[in-house]
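Structure first, then comments.
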Amino acid sequence: MPTIRFHDLRHTHGSLLIKDGIPVKVVSERLGHANIALTMQTYQHILPGMQADAATERLAKPLPPPTSGTGEPRENVRRKTA
């Protein structure tokens, strides 16, 4: 079985958090980095793949129809008259 250093586990933890969409600020705080720039520099190898995922998964999906806040489509909601 290969030797795994604590630092390797820490880096894996940070990588998985960022990959799962946890805000980098939160990851930076959890890892105890002095600032978010250090976290961004250390984990920048993960971000290009995340950009492609965001473009294909989130931007390619159609938006749901807007609702009135009650769950009904807007065209079916009566407007209140004064």
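Only the coordinates and a few stated rules stand behind these numbers; no lab work does. Quantities reported herein were computed from a predicted structural model and do not represent experimental measurements. Neighbour counts run over all protein chains shown; Cβ positions are idealised from the backbone, glycine included.
Restricting the first member to the range 25-49 and to residues that are farther than 19 Å from LEU9 by Cα, and the second to residues that are surrounded by 15 or more Cβ atoms within 10 Å (Cβ to Cβ) and of a type outside the set (A, V, I, L, M, F, W, C), the beta-carbon pairs closer than 7 Å and six or more apart or on different chains are ILE36/SER28.
Of the residues making up the range 1-35, those that are in contact with a helix residue (DSSP H, G or I) (Cβ under 6 Å, 6 or more places away or on another chain) and not charged (D, E, K, R) are GLY14, LEU17, ILE18, VAL24, VAL27, SER28, LEU31, HIS33. Just name the residue that is surrounded by the most Cβ atoms within 10 Å (Cβ to Cβ) out of those in the range 1-33 that are β-branched (Val, Ile, Thr) and outside any helix (DSSP H, G or I). Applying the filter and picking the extreme gives ILE22.
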